[in-house]
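The structure appears right after this line, and notes come after that.
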Amino acid sequence: MKTPLSLAFAAPILVLALAACNPPEQAKTAPEATTPAPTATAAVVTAADAWCRPSPNGAKAGGCYVTLTATNDDRLTGGSSPRAGELQVHEMKTENGMMKMAQLTEGLPLPAGQAVSLAPGGNHLMLIGLTAPLVAGETVPLTFEFASAPSVTVQAAVRQPAMAGMDHSAH
């Protein structure tokens with residue numbers, strides 16, 4: 001004859017044995033819940049050598065330049081600056097012997113891992129509606145917006161472009 005005390009020990013053991021034989025319902029219906037999801041690499045764009053040309057008094061627009069490198073394929077879509085009403089991405093091209101400048105309304109492609117230089121005579125940034133002239137020696141905050149990557153803010157030096165073929169490193 002079994003005593004009530006032995007039943008008290010047998011009942012919990014029986015419950016544990018049954019639980020071990022039957023996995024939880026969630027594990028049966030959702031095996032993907034235990035498989036880690038693949039992680040995507042976050043898009044990042046770095047900016048180097050940002051600078052702007054000095055603008056004459058009364059000018060309502062100014063040109064700025066930078067080199068951008070994206071970790072993933074991305075696109076520079078625009079940006080902003082407290083020094084202007086608008087920051088636009090522009091291209092320069094020659095058509096019928098004439099240089100033409102136009103806004104890249106779809107943005108500028110940034111292929112993964114390739115440095116893309118915005119430079120005088122080529123693709124560049126235009127500050128439209130300057131609040132004050134851009135003066136050599138000062139810096140101008142520029143914020144760049146991208147299709148995928150988070151925005152990037154830089155301090156662009158206002159300076160004259162380096163003269164091609166002139167090395168003044170010894171001065």
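The H on the amide N of Leu134, modeled in the peptide plane, is under 5 Å from the matching H of Ser55, each at least 5 residues off or on a different chain.
May I ask you to list the residues of region 105-131 whose amide nitrogen lies under 14 Å from a point 7 Å from Cα along the Cα→beta-carbon direction of Lys93? Flagged as within label range: 105-109, 122-124. For region 64-127, a/c is not less than 1.5, where a ≥ b ≥ c are the root eigenvalues of the C-alpha gyration tensor, and a/b does not top b/c. That puts it in the oblate class.
If R0 is 35 Å, the Cβ-Cβ spacing of Ala61 and Ser148 corresponds to a FRET efficiency of close to 0.80. Between Ala48 and Glu138, full extension at 0.36 nm per residue minus the direct alpha carbon distance yields a gain of 30.7 nm. Take Ala102, project a point 7 Å from its Cα along the Cβ direction, then tell me which residues of region 110-133 have their backbone nitrogen under 20 Å from it. Output list for this probe position: 110, 118-128.
All other residues whose Cβ lies under 14 angstrom from that of Thr153 are scored, Lys and Arg at +1 and Asp and Glu at -1, for a net of 0. Taking the square roots of five times each eigenvalue of the Cα gyration tensor of region 78-171, the equivalent ellipsoid has semi-axes of 22, 20, 16 Å, listed largest first. Listing Arg53, Arg159, Arg83 from fewest to most neighbouring C-beta atoms within 10 Å gives Arg159, Arg53, Arg83.
Laboratory data are not the source of any read-out in this text; all were calculated from the coordinates shown. These numbers come from a predicted model, not from an experiment. Cβ coordinates were reconstructed from backbone atoms using ideal geometry, including for glycine residues, and neighbour counts include every protein chain displayed.
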